[in-house]
Amino acid sequence: MIEMPEAYTISHQMQDTLSGKTIRRFERGPLVHKFLWINRPEDEMQRMLAGQTVQGASSYGRSMYLRIGEANLLWMGEMGGRWLYHPAGQAGPEKYHVRFEFADGSAMTYLMQMWGFINLLEQADFGERPHKEVGVPPLSEAFTFERFDEMLEAYPDKTKKGIKGFLVTSQHVNGIGNSYLQDILFQARLHPARKIPSLAPEERARLHNAIQSVMLAAIALHGREEERDLFNQPGGYERIMDSKAVGHHCPVCHTDIEKLSYLGGACYVCPQCQPR
C-alpha cells in the first residue's frame, strides 16, 4: 500500500513532471477491479478532464492530489499499486486500471493492488480542505506530542483494540499503514496489541518520537524498497521488521523475530523488546 512516504515522493514527482501538461484523455483500462472506487462514470470523467491543465500536485498523509484546471481536484487515496509516468514515444503497459493521456504524447497509468479510490471533486465539493475530516499527518506542525496524547485518550476503541488499531486508522494519524507500523512499534518497544490505557507517559513519548523518526527516514529514502515511484524506481527504505526478519535475530537483543496475526494483518515483533 502507498503510505505517507510513498505518497510524498510520488506527489512531488507529479508536481515536477505533470504541472503544465494538458489532459487529452482519461480512460478506464482493460483491467477491472471491484475495489477501485471512482466517483464518476468514465464519460463524465473524460468530459470534465479533457482540455484541462494540471496546475500542481500535493499529498496529505496517504492521499495524493492533482489540481486540475481552475476548479477541479483529483483525490487519489488509500491506494495500493503503482502510478507510472510514460514519456512521449514510450509505450505504456498493456494492462492497467486507469490511464491519463496528455497533449504532448506522454501518459500516466495506474495499476491497482488491493484497493483504492479516485475522486474528481469540484471546488464546491471540497472547498480548501478535502481532507478536513481525516487524521493528522505525523510530520505536520499539528502533530505535537500534546495533540497525539489527546488523540490517544479520545480513541473510542482504546480499551478494545491495541495500539495498531489506532495507528493504522487514518481518522487519527493519517499516513501510517501496516508496513511502517512494524518498524515504528519496534523502535518504540511496544507490542501491537498493547491497549492504550496501559501506555505509560514515557511509552507514549517514545511512540510519538518513533513515528516521526521512521517517517523522516523513509521520506529521505523515497519510500520503502518494495514500492515503486512514478518512474518505476524502488524506494531505498529497508524495513527492519517484515516477513524476511522472521526467525532471524533481533538487532538489539538477538532474540528470534516472530510473526503473529493481529487485527486482520501480519505483525512482526521481538518478544523480548516488545513484550505484550
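Structure notes:
- Our coupling estimate for the stretch 262-270, obtained by passing each phi through the Karplus curve with A = 6.51, B = -1.76, C = 1.60 and θ = phi - 60°, is 8, 6, x, x, 7, 10, 10, 9, 9 Hz, Gly and Pro reported as x.
- What separates the Cα centres of the stretch 197-261 and the stretch 1-75 is a distance of 29 Å.
- The stretch 134-276 - Rg and Dmax from Cα coordinates, angstrom: 14.8, 44
- Solvent exposure, largest accessible area first (probe 1.4 Å, DNA, RNA and ligands not counted), of Lys95, Lys21, Lys161: Lys95, Lys161, Lys21
- Rounded to 0.05, the FRET efficiency of the His249 and Glu44 pair, given R0 = 45 Å and the Cβ-Cβ distance, is 0.20.
- Mean shadow area of the chain, taken as a quarter of the surface of its Cα convex hull (nm²): 15.0 nm²
- Helical content alone sets the calculated 222 nm signal of the chain at -8000 deg cm²/dmol, taking -39,500 (n - 2.57) per DSSP H segment of four or more residues and averaging over every residue.
- Ranking of Val54, Val252 by solvent-accessible surface, largest first: Val252, Val54 (1.4 Å probe, protein heavy atoms only, all chains present).
- Ligands, DNA and RNA are left out, and with a 1.4 angstrom probe the accessible area of the stretch 177-276 is 47 Å² per residue.
- For the stretch 30-132, a/c is not less than 1.5, where a ≥ b ≥ c are the root eigenvalues of the C-alpha gyration tensor, and a/b does not top b/c. That puts it in the oblate class.
- In this structure, the residue pairs whose Cα-Cα separation is over 23 Å, taken from Lys34/Lys158; Lys95/Lys164; Lys160/Lys259; Lys195/Lys259; Lys34/Lys95, are Lys34/Lys158; Lys95/Lys164.
The values are calculated or read from the model by the stated rules, or taken from the named source; none is laboratory data. Remember, predicted model here, so these are calculated numbers, not experimental data. Neighbour counts run over all protein chains shown; Cβ positions are idealised from the backbone, glycine included. When the accessible area is computed, the model is the full protein with side chains, heavy atoms only, and any ligands, DNA or RNA have been set aside. Shrake-Rupley method; radii C 1.70, N 1.55, O 1.52, S 1.80 Å.
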